[in-house]
Amino acid sequence: MRSRSVKRLAAWVVCVLSLASIAPAAEIASAESALDWGHLPDLPMPLSGTMAGVSGDALIVAGGANFPVPLFEGGTKVWYDAVHVLPSKTGTWRQAGKLDHSLAYAASVTTDHGVVCMGGSDGKRHYADVFMLTWRDGKLDRRPLPPLPRPCAYAAAAVLGETIYHAGGQETPEATASMKTFWALDLSRPEPAWRELEPWPGPGRILPVAAVQDGTFHVISGADLHAGKDGKAARTYLADGYRYRPKSGWKTIADAPRPVVAGEATGVGQSHILVFTGDDGANVDRIMELKDKHPGFSRDVLAYHTITNTWVSMGTMPASLVTTNAVRWGSDIVIPGGEDRPGHRSAAVLRAEIPKTAKQLGTLDFIVLGVYLAALVLMGVYFSRREKTTDDFFLAGRRVPWWAAGLSIFGTQLSAITFMAIPAKVYATDWAYILGHPCILILAPVVVYLYLPFYRRLNVTTAYEYLEKRFNLAVRLFGSAAFILFQLGRMGIVLYLPAIALSAVTGASVTLCILIMGVLCTIYTVLGGIEAVIWTDVLQVIVLMGGALLSLFIVAGRVDGGFGQIASTAWAEGKFHVFTVSWDYTITAFWVVFVGNLFITLGPYTTDQAVIQRYLTTSNEKEAAKSIWTNAALAVPAALLFFSLGTALYVFYKTHPGFLNPALDTDAVFPWFISRQLPVGVAGLVIAGLFAAAMSSLDSSMNSMATAMVTDWYRRFKPGLEDHHCLNVARWLTVILGAFGTGTALYMAQVDIPSLWDLFTKVIGLLGGSLSGLFALGVFTRRANGVGGLIGAIVSVIVLYLVQQYTHIHFFLYAMVGVVTCFLVGYVMSVIIPVGRKPIDGMTIYTVEKASTT
């Protein structure tokens, strides 16, 4: 028997390693079709050195310079003051006004308020003027802003949040030294003023490229000026790069593959910067010799990945255009005019878009996906034969094995968002968050010995029944309502966010992904109740954990040197960093992560009906305790697996940066790997598991909310109703809740309402800490009463709101603030207002032995 097991294991390892050796897909970044190029209407005249941006959904191009007579025919540069506006992408250019004087080679950025232009030159002098151009109701408005500390042209700028950062430049037309200055203007201040900040470590420069990505300002390339043999300014072409993070300062990044002087740059996606063309200094000494036969500047498009610190090629542009701007206009990147070769300007306006390419799943993948999803529905049909009472529908007749309940608890916490987000977070950062995952090991005995006895011995269906028995009806309704509102707030999110990632990696529309998950999930939950929910969770956990483990081996097989190289590269890059030793409560210091997650973890395992309901589906308290230990035992190995996978993905994409799609969100990096790198069939199974994980979050919410609504509200205020009637009500509520969750996700996919939804979920999230505090108050104190508990809960919500709005405390500590405030205020107010105190036999840890055992 043992020999056969060893042989099976060996065969499985060989199979995995053979899958890992399959050649990866072609790198998208090496293809010239990586960007879709097109044209917008040409500028009214050839121009370079313009200021450009978007305001009022219109493209503004101001100033600029040109050689009406070619330079090599003895022409001279002419400077312009006209402001042109393109009201729409299919419209025509119109002159909307003039600047105070001719101006070119100023830095410009698009802000939420308008297009800000800084400095510039008219050929005779350089300026420090700063102003904002705004297009509103068909009219151009110009508003002055504080001037630069010094005159400056040929600089670069980008906006991060409400702050404009301005780097480098040349102070006068005759200057033979470039400026090494770094200035910032915070537009959110009532009276904004420029601040001089510490500059980057490298030399000064003119004509660098600048862009913002991942909360940082990047300055790349440029030319350092020095006095030439004729006494005039000469250039040293640079390829170095630096990034600036407001709270931590400058850091050197990888050099660009070549100098990109006077190129254009913009951030795309969540972690890429695209750099268009640029002067690399080739043929710089032969300009007059080559004249109009000069080959022009490089047409290459480069992509810098901020996470892996790597550069790749993104194909070529239709034309090489320097000394212009890359402007984001909706989903397009627009490059208006520019210098296409020395002494010659262009009127062309190029438009580029990054296609969200997705590998179409193979036929076998679709078969696997279809079979998997059909199996979920069939499970609902199978268990529907057992759902005769509300006890069956809500608690599975208390016949679920402890190991299945434990896997279901684990699966409930392992949503599709978590499955994607943990590897993505580690891929983008380090292992600092790992400190939060052992918290369940510490809390498991607390839950088993101090909380579980109340839920099992009091013979409750929802956790909030305990609150009425311990305090009063008002506290029970508060707890139940807080849970229901929170679940309503998250239903759309748990469908919408995974649907975005699944759409990106499968090619299916977001709408279709949402409908598949929402409809199928509602069907099997209505049919099979909590029993179907639990057993689909079991299947989901097996598929997802197996897929993650298989993916880890495949990643290692695609990296030269395997696991050893992954470990050494990650160690050298600081990816295994765990402990940030600091008492700063605004960062992920080790104690912030650990203490914060203790309180965060306390909530779901002691107050969340979706989790506690699993405790109640086993045959007795001992079996329920086993389910909790099962979940705890899985949590740390699973965390190590997902963190290892995130690190492995980092090393894989650092060595294969061209496999990334710049349009892809960072959170979708693991699904992207699954769809692009896993073998056919296996990819379909893991993608199906991702669908199921999202459905698991939704089905848990639907069933637990239906349980709370029927038990805490409908049945509580209408006692004596027939059980069959309540079962029908529960099923109809499940249908309504499923439709609500699916409809909300569809609405979010069609209408851009993230800020409104974020506000709603933040407000509802304020209730979590108070709910944990209420349960702790009931379990661990003798003197607490309902009035004091409600006052503590309300004060907790207010205090936590103030902490979120007016302090910089790390969000990990929000739960601690909520729990501690509710507990302390609730206890003090119970002592001060000793009214409505109920008998506590069987209701606290001091009297739990008086509760009946079930």
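Residues in the stretch 475-484: is at least one open to solvent by 10 Å² or more (accessible area, probe 1.4 Å), not aliphatic (A, V, I, L, M) and not in a helix (DSSP H, G or I)?
No, the stretch 475-484 contains no residue that is open to solvent by 10 Å² or more (accessible area, probe 1.4 Å), not aliphatic (A, V, I, L, M) and not in a helix (DSSP H, G or I).
Restricting to the stretch 424-434, name every residue that is over 12 Å from the mean Cα position of the chain (by Cα) and not charged (D, E, K, R). Explain how you work it out, then say what you get.
Keep residues of the stretch 424-434 that are over 12 Å from the mean Cα position of the chain (by Cα), which gives 426-427, 429-434.
VAL426, TYR427, THR429, TRP431, ALA432, TYR433, ILE434 - these are the residues of the stretch 424-434 that are over 12 Å from the mean Cα position of the chain (by Cα) and not charged (D, E, K, R).
Would the stretch 125-134 turn up any residue that is at pLDDT below 95 and either within 37 Å of the chain's Cα centre (by Cα) or open to solvent by 20 Å² or more (accessible area, probe 1.4 Å) (or both)? Reasoning before the result, please.
Initial filter on the stretch 125-134 (at pLDDT below 95): none.
No, every residue in the stretch 125-134 fails to be at pLDDT below 95 and either within 37 Å of the chain's Cα centre (by Cα) or open to solvent by 20 Å² or more (accessible area, probe 1.4 Å) (or both).
Given the options ARG470, ARG457, name the one that is basic (Lys, Arg) and surrounded by 18 or more Cβ atoms within 10 Å (Cβ to Cβ). Please lay out each step first, then the result.
On the way: ARG457 fails: surrounded by 18 or more Cβ atoms within 10 Å (Cβ to Cβ).
Unique residue meeting the criteria: ARG470.
Out of the residues in the stretch 202-230 that are in a loop (DSSP other than H, G, I, E, B) and farther than 15 Å from VAL261 by Cβ, which is nearest to the chain's Cα centre (by Cα)? Quick ask: steps written out before the conclusion?
The initial filter retains those residues of the stretch 202-230 that are in a loop (DSSP other than H, G, I, E, B), namely 202-205, 207-208, 214-215, 228-230.
Checking the rest, the ones that are also farther than 15 Å from VAL261 by Cβ come to 214-215, 228-230.
Numbers: ASP214: 10, GLY215: 12, GLY228: 49, LYS229: 53, ASP230: 54 Å.
My answer is ASP214.
I'm trying to understand the selection: among the residues of the stretch 222-246, which are over 30 Å from SER271 (Cβ atoms), hydrophobic (A, V, I, L, M, F, W, C) and touching a strand residue (DSSP E or B) at 6+ places or on another chain (Cβ under 6 Å)? Let's see the steps before the verdict.
To start, the set of residues in the stretch 222-246 that are over 30 Å from SER271 (Cβ atoms) comprises 225-236.
Within this subset, residues satisfying the condition of being hydrophobic (A, V, I, L, M, F, W, C) are 225, 227, 233-234.
LEU225, ALA233, ALA234 - these are the residues of the stretch 222-246 that are over 30 Å from SER271 (Cβ atoms), hydrophobic (A, V, I, L, M, F, W, C) and touching a strand residue (DSSP E or B) at 6+ places or on another chain (Cβ under 6 Å).
May I ask you to say which residue of THR429, THR363, THR462, THR389 is within 30 Å of VAL729 (Cβ to Cβ), of a type in the set (Ser, Thr, Tyr) and open to solvent by 20 Å² or more (accessible area, probe 1.4 Å)?
On the way: THR429 fails: within 30 Å of VAL729 (Cβ to Cβ); THR363 fails: within 30 Å of VAL729 (Cβ to Cβ); THR462 fails: open to solvent by 20 Å² or more (accessible area, probe 1.4 Å).
The match here is THR389.
Does SER704 qualify as being of a type in the set (Ser, Thr, Tyr), buried (at least 24 other Cβ atoms within 10 Å of the Cβ) and farther than 30 Å from PHE553 by Cα?
yes
For the stretch 799-843, enumerate the residues that are closer than 20 Å to VAL460 by Cα, surrounded by 13 or more Cβ atoms within 10 Å (Cβ to Cβ) and touching a Ser or Thr at 6+ places or on another chain (Cβ under 7 Å).
Answer for the stretch 799-843, where residues must be closer than 20 Å to VAL460 by Cα, surrounded by 13 or more Cβ atoms within 10 Å (Cβ to Cβ) and touching a Ser or Thr at 6+ places or on another chain (Cβ under 7 Å): just ILE840.
Here is a list of conditions, (1) modelled with pLDDT of 95 or more; (2) under 22 Å from PRO190 (Cα atoms), and ASP112 meets all of them except one; can you say which number that is?
All conditions pass for ASP112, except number (1).
Open to solvent by less than 20 Å² (accessible area, probe 1.4 Å), among the polar types (S, T, N, Q) and either over 30 Å from the mean Cα position of the chain (by Cα) or more than 13 Å from ALA265 (Cβ to Cβ) (or both): does that describe THR306?
Numbers: open to solvent by less than 20 Å² (accessible area, probe 1.4 Å): yes; among the polar types (S, T, N, Q): yes; either over 30 Å from the mean Cα position of the chain (by Cα) or more than 13 Å from ALA265 (Cβ to Cβ) (or both): no.
Against the criterion (open to solvent by less than 20 Å² (accessible area, probe 1.4 Å), among the polar types (S, T, N, Q) and either over 30 Å from the mean Cα position of the chain (by Cα) or more than 13 Å from ALA265 (Cβ to Cβ) (or both)), THR306 does not qualify.
Could you check how many residues of the stretch 623-665 are closer than 23 Å to ALA432 by Cα, open to solvent by 20 Å² or more (accessible area, probe 1.4 Å) and β-branched (Val, Ile, Thr)?
Count: 1.
Which of the residues spanning the stretch 507-527 are part of a helix (DSSP H, G or I) and either over 16 Å from SER697 (Cα atoms) or of a type in the set (Phe, Trp, Tyr) (or both)?
So the first thing to find is which residues in the stretch 507-527 are part of a helix (DSSP H, G or I), and the list is 510-527.
Of everything in the stretch 507-527, those that are part of a helix (DSSP H, G or I) and either over 16 Å from SER697 (Cα atoms) or of a type in the set (Phe, Trp, Tyr) (or both) turn out to be VAL510, THR511, LEU512, TYR524, LEU527.
Can you go through ILE417, ILE409, ILE367 and tell me which one is part of a helix (DSSP H, G or I), within 30 Å of TRP571 (Cβ to Cβ) and touching a residue at least 60 places away in the same chain (Cβ under 8 Å)? Break it down into steps so the answer makes sense when it comes.
Values: ILE409 fails: within 30 Å of TRP571 (Cβ to Cβ); ILE367 fails: within 30 Å of TRP571 (Cβ to Cβ).
It is ILE417.
Cβ-Cβ under 8 Å, sequence separation 6+ or interchain: first residue in the stretch 503-525 and under 20 Å from VAL680 (Cβ atoms), partner of a type in the set (Asp, Glu) and outside any helix (DSSP H, G or I). Which pairs?
From residues that are under 20 Å from VAL680 (Cβ atoms), the pairs are ALA504/ASP665.
With the structure loaded, tell me whether TRP713 is surrounded by fewer than 24 Cβ atoms within 10 Å (Cβ to Cβ) and out of contact with any helix residue (DSSP H, G or I) (no Cβ under 8 Å at 6 or more places or on another chain) or whether it fails that test.
Details: surrounded by fewer than 24 Cβ atoms within 10 Å (Cβ to Cβ): yes; out of contact with any helix residue (DSSP H, G or I) (no Cβ under 8 Å at 6 or more places or on another chain): no.
Considered against the rule, which asks whether it is surrounded by fewer than 24 Cβ atoms within 10 Å (Cβ to Cβ) and out of contact with any helix residue (DSSP H, G or I) (no Cβ under 8 Å at 6 or more places or on another chain), TRP713 comes out as no.
Within the stretch 489-506, is there a residue that is within 22 Å of ILE833 (Cβ to Cβ) and either open to solvent by 10 Å² or more (accessible area, probe 1.4 Å) or outside any helix (DSSP H, G or I) (or both)?
Keep residues of the stretch 489-506 that are within 22 Å of ILE833 (Cβ to Cβ), which gives none.
Within the stretch 489-506 (the criterion being within 22 Å of ILE833 (Cβ to Cβ) and either open to solvent by 10 Å² or more (accessible area, probe 1.4 Å) or outside any helix (DSSP H, G or I) (or both)), the answer is no, since none of the residues qualifies.
Only one of VAL78, VAL61 is surrounded by 12 or more Cβ atoms within 10 Å (Cβ to Cβ) and at pLDDT 95 or above. Can you tell me which? Before the answer, list the steps.
Numbers: VAL78 fails: at pLDDT 95 or above.
Going through VAL78, VAL61 in turn, just one is surrounded by 12 or more Cβ atoms within 10 Å (Cβ to Cβ) and at pLDDT 95 or above: VAL61.
Applying the selection to the stretch 547-573, what residues are open to solvent by less than 40 Å² (accessible area, probe 1.4 Å), more than 24 Å from LYS251 (Cβ to Cβ) and not aliphatic (A, V, I, L, M)?
Across the stretch 547-573, the qualifying residues are GLY547, SER551, ARG558, GLY562.
Please return the ranges of helices (runs of 4 or more DSSP H) entirely within the stretch 547-625 where 3 or more residues are within 24 Å of the chain's Cα centre (by Cα) and within 30 Å of ASP537 (Cβ to Cβ). Please lay out each step first, then the result.
Working: elements: 562-572, 590-607, 609-615.
Of the helices (runs of 4 or more DSSP H) lying wholly inside the stretch 547-625, those with at least 3 residues that are within 24 Å of the chain's Cα centre (by Cα) and within 30 Å of ASP537 (Cβ to Cβ) span 590-607.
Just give me the residues in the stretch 778-794 being assigned to a helix (DSSP H, G or I) and surrounded by 18 or more Cβ atoms within 10 Å (Cβ to Cβ), in sequence order. Steps first, please.
Taking the stretch 778-794 and keeping what is assigned to a helix (DSSP H, G or I), we get 778-780, 786-794.
The answer is GLY778, VAL779, GLY786, VAL787, GLY788, GLY789, LEU790, ILE791, GLY792, ALA793.
Could you name every one of the strands (runs of 3 or more DSSP E) located completely within the stretch 143-201 that has at least 3 residues being modelled with pLDDT of 95 or more, open to solvent by 30 Å² or more (accessible area, probe 1.4 Å) and in contact with a His (Cβ under 8 Å, 6 or more places away or on another chain)? Lay out the reasoning, then the answer.
Working: elements: 156-160, 163-167, 182-186, 194-197.
Correct list: empty, since no element meets the threshold.
So for the stretch 334-346 (the condition being in contact (Cβ under 8 Å) with a residue 12 or more places away in the chain, on the phi < 0 side of the Ramachandran plot and exposed (fewer than 15 other Cβ atoms within 10 Å of the Cβ)), does at least one residue qualify? Walk me through it before giving the result.
Going residue by residue through the stretch 334-346, those that are in contact (Cβ under 8 Å) with a residue 12 or more places away in the chain are 334-346.
Keeping just the survivors that are on the phi < 0 side of the Ramachandran plot gives 334-336, 339-342, 344-346.
Okay, now just the ones that are also exposed (fewer than 15 other Cβ atoms within 10 Å of the Cβ), so none.
Looking for residues that are in contact (Cβ under 8 Å) with a residue 12 or more places away in the chain, on the phi < 0 side of the Ramachandran plot and exposed (fewer than 15 other Cβ atoms within 10 Å of the Cβ), one finds none in the stretch 334-346, hence no.
The values are calculated or read from the model by the stated rules, or taken from the named source; none is laboratory data. Every value quoted in this text rests on a predicted model; they were computed, and no experiment measured them. Glycine also receives a Cβ, built like all others from the backbone with ideal geometry; neighbour counts cover every protein chain displayed. All accessible areas refer to the heavy atoms of the entire protein, side chains included, with ligands and DNA or RNA removed. Shrake-Rupley method; radii C 1.70, N 1.55, O 1.52, S 1.80 Å.
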